[in-house]
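Shown next, in structure tokens, is the structure this report addresses.
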Amino acid sequence: MYPYSILALFLLVLGGCGDEGKGEEGLVREDLGKVTTDADGGVTLPVDVPEDAVSALITCGPYGYDVLATADLLVDPGGATIFDDDDPEATAMRVNVEDDFLPMLMPVSPDLDVQAGEHQLTLYVDSDSPVTVSCGAVYRVQPVEEETTVDARLVFVGVDGTVDTLNAQYAKTEAVLTAALAEIESVWARAGITLGEVLYDDFSGDTDSYTVIDDDKEFGDLLRTVETPGDRRVTFFFVQDITADDGATILGLSAGPPGAAAMGGTSKSGVVVTTAAWDEADPGGFLGRLMAHEGGHFLGLYHPTEKDGSGHDPLGDTPECSDGDGDGQVSTSECGSNGADNLMWWAASDGASDMSADQGWVMKRSAAAH
């Protein structure tokens with residue numbers, strides 16, 4: 001998960017009700033069954049991607065917040081390795097290390113497009129004893145259009161009064177939020193993405209438990225309250241605060257990359273944003289870029305260069321930056337046009353709003369897009 005911290009301004013989106021987004025049109029769901037890891041934490045399962053799929057979201061879990069999992073190996077139908085955790089940047093495929101629930105998206109780059117046929121996925125769960133998880137897949141078979149729409153849902157969790165009147169009834173006219181949605185529209189348009197229908201909901205669950213998110217379980221359990229499996233929206237929860245382990249305030253936190261798009265009831269089903277991101281001096285600009293960034297993670301985008309300079313996204317048209325001064329961090333001033341002006345740059349920056357053609361290519365293939 002990639003947090004956005006107010007302390008360092010680092011850029012590291014579901015309860016509610018309302019109508020569904022695009023629904024099941026263009027999606028194929030498959031139950032891959034339950035699998036149990038061996039003594040070494042591994043288990044291999046076949047994933048048969050349909051002939052007309054433009055993307056495949058493979059998921060396994062839940063396995064709890066005290067356990068981490070990733071893909072150890074992913075082999076395509078021709079026997080070629082397309083992901084190896086021993087060398088995660090050797091190909092244009094990426095898989096995160098996640099707690100509780102693991103989403104894996106193919107493709108995350110046009111340089112390694114999804115292939116039809118039976119893939120072999122070796123899952124690794126870091127546990128001292130065998131772990132049984134349920135795995136499944138959501139295949140998007142809907143053709144990708146040049147102009148693609150992503151719908152959103154905004155869910156307000158006990159924040160009314162923290163920023164004027166902020167609830168489902170009045171949020172449509174709240175100045176900063178209205179400007180933020182316009183900023184998302186403007187930024188995503190650079191990647192060929194249109195922000196579509198936006199729904200507004202008040203959280204109907206235990207508000208007191210989630211107004212302040214102070215651990216991974218609370219974050220995941222809040223996202224798990226999304227119950228509609230076919231909802232193809234990116235849902236943004238608004239809370240008062242997200243607190244990191246070191247006490248810093250995190251402004252936004254995505255369940256991606258990728259999030260569990262078009263899936264409800266998982267700890268990776270959305271994005272959380274705090275009201276601390278409201279900036280009256282920059283109406284909507286900062287908040288909009290924050291939401292666009294975390295929404296980008298949910299739809300499958302990685303940082304062009306990670307904070308320490310050791311990792312890069314798998315896209316061929318996003319610039320890479322290295323730690324030139326050897327201080328263990330790639331800074332915005334150090335990198336300049338080498339990625340720091342991109343929306344998905346790891347640290348907050350006034351100019352971080354550019355998007356590349358490859359980033360749009362990935363976002364358009366998400367099961368949440370249509």
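Quick notes
- One chain, two ends: S134 and S333. Fully extended at 0.36 nm per residue, the span grows by 67.2 nm beyond their Cα-Cα distance.
- Counting only residues at least eight positions apart within a chain, or on another chain, the aspartates and glutamates with an alpha carbon under 15 Å from that of K307 are E320, D323, D325, D327, E334, D341.
- Within region 269-370, none of the trypsin sites (Lys or Arg not before Pro) combine a DSSP coil assignment with at most 16 other C-beta atoms in a 10 angstrom radius.
- Percent of alpha-carbon pairs separated by more than 23 Å within region 157-252: 35 percent
- Table column - 3J(HN,Hα) (Hz), region 194-210, Karplus curve with 6.51, -1.76, 1.60, x for Gly and Pro: 9, 6, x, 5, 10, 9, 10, 9, 8, 4, 9, x, 7, 4, 4, 6, 10
- Of the GluC sites (Glu not before Pro) found in region 53-149, those in coil by DSSP whose Cβ has at most 14 other Cβ atoms within 10 Å are E89, E145, E146, E147.
- In this rough spin-label picture, where each label sits 7 Å from Cα along the Cβ direction, the A90-E145 distance is 4.1 nm.
- About its Cα centre, region 27-140 has a charge dipole of approximately 440 debye under the convention of +1 per Lys or Arg Cβ and -1 per Asp or Glu Cβ, with nothing else charged.
- Once backbone amide H atoms are built at 1.01 Å from N, I250 has I6, I242, T243, A244 as its partners under 5 Å, excluding neighbours fewer than 5 places away on the same chain.
- Counting only lysines at least 8 places from K364 when in the same chain, those with an alpha carbon closer than 23 Å to its own are K22, K268.
- Under 5 Å from the amide H of D72 lie the amide H atoms of T122, L123, Y124, each residue being 5 or more positions distant or on a separate chain, with H modelled from the backbone and absent for Pro and chain starts.
- The Cα trace of region 27-140 gives Rg and Dmax of 13.2, 40 Å, the first to one decimal, the second as a whole number.
- Region 220-282-region 325-370 distance, computed between alpha-carbon centres (Å): 20 Å
- Note that region 83-100 has calculated 3J(HN,Hα) couplings of 7, 9, 5, 6, 8, x, 9, 6, 10, 8, 10, 9, 9, 6, 9, 10, 8, 6 Hz, one per residue in order, obtained from phi through the Karplus relation 6.51 cos²θ - 1.76 cosθ + 1.60 (θ = phi - 60°); glycine and proline are x.
- Descending semi-axes in Å of region 256-370, equivalent ellipsoid built from Cα gyration tensor: 24, 18, 13
- Net charge of Cβ neighbours under 14 Å - reference V49; Lys, Arg +1; Asp, Glu -1: -4
- Think of each Lys and Arg Cβ as +1 and each Asp and Glu Cβ as -1; about the Cα centre, that makes the dipole of the chain roughly 920 debye.
- Rounded to the nearest 20 debye, dipole of region 132-246 from Cβ charges on Lys, Arg, Asp, Glu: 540 debye
- Mean projected area (nm²) of the alpha-carbon convex hull when region 42-83 is viewed from all directions: 3.9 nm²
- Using θ = phi - 60° and Karplus 6.51 cos²θ - 1.76 cosθ + 1.60, couplings along region 65-82 (whole Hz; Gly, Pro as x): 7, 9, 10, 10, 9, 7, 8, 7, 7, 9, 10, 7, x, x, x, 7, 6, 10
None of the figures in this text is laboratory data; all of them are computed from the coordinates on show. Model, not experiment: these values are computed from the prediction. No Cβ is skipped: glycine too gets one built from the backbone with ideal geometry, and neighbour counts run over all protein chains shown.
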